[in-house]
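Please treat every number below as a calculation from the coordinates, not as lab data. Just so it is clear, the structure is predicted and the values come from calculations on it, not from any experiment. Every residue, glycine among them, receives a Cβ derived from its backbone with ideal geometry; neighbour counts consider all protein chains shown.
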Amino acid sequence: MPQSSTSSSHPNTPAPAFGSDERLTTGKLPKKTPQRVRAKDTSEHPEVALALITLGDQLRRARVARDITQADLAVRMGVQTQTVGRMERGAPGISLEAVALALWNMNMLGHLVKIAAPETDEEGQRLSDLRSPSRARKPAALSSAGWSVLNHL
């Protein structure tokens, strides 16, 4: 019986843990990682599914407001009409490139680059501040006078 590339040489020995061999030796993810297997399955993450549906609906509304048909947008994007329909339904598996092309064709690409902008990432800033005490901000409740009292204790 042929063995898979992830199993060891002995049939009763369990396969190595995810990423324990190929990832460490090559620096690359194996072709079939758990993330890739589940990439199109949003059933475990309803928030993600809802976000995709919401984005798709917003893209559809923007297209309709511009009086552009799905077929016309597909031609402009260089994709099939079905791709535009799937994107507007929030189907998982639509590429970021397709979303970017749709936004560009509707003169809305500027919105895409703002999605994960560091200046609007409050949680990222908070975590960064926690790691770098020298860059930590003063709590709003303490005035500069309060800080000087604390520094003299």
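In table form, for the structure just shown:
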read-out	value
Spacing of the two label points (7 Å from each Cα toward its C-beta) at ALA49 and ASP129, in nm	3.7
Calculated from backbone phi, Karplus (6.51, -1.76, 1.60) coupling profile of the stretch 64-72 in Hz, x at Gly/Pro	5, 4, 8, 6, 10, 7, 4, 5, 5
Sites VAL75 and ILE115 - FRET efficiency at Förster radius 25 Å, r taken between beta-carbons, to 0.05	0.40
Extension gain (nm, one decimal) between MET108 and GLU122, 0.36 nm per residue minus Cα-Cα	2.6 nm
Cβ crowding within 10 Å averaged over residues, with 111-124, 54-67 ranked highest first	54-67, 111-124
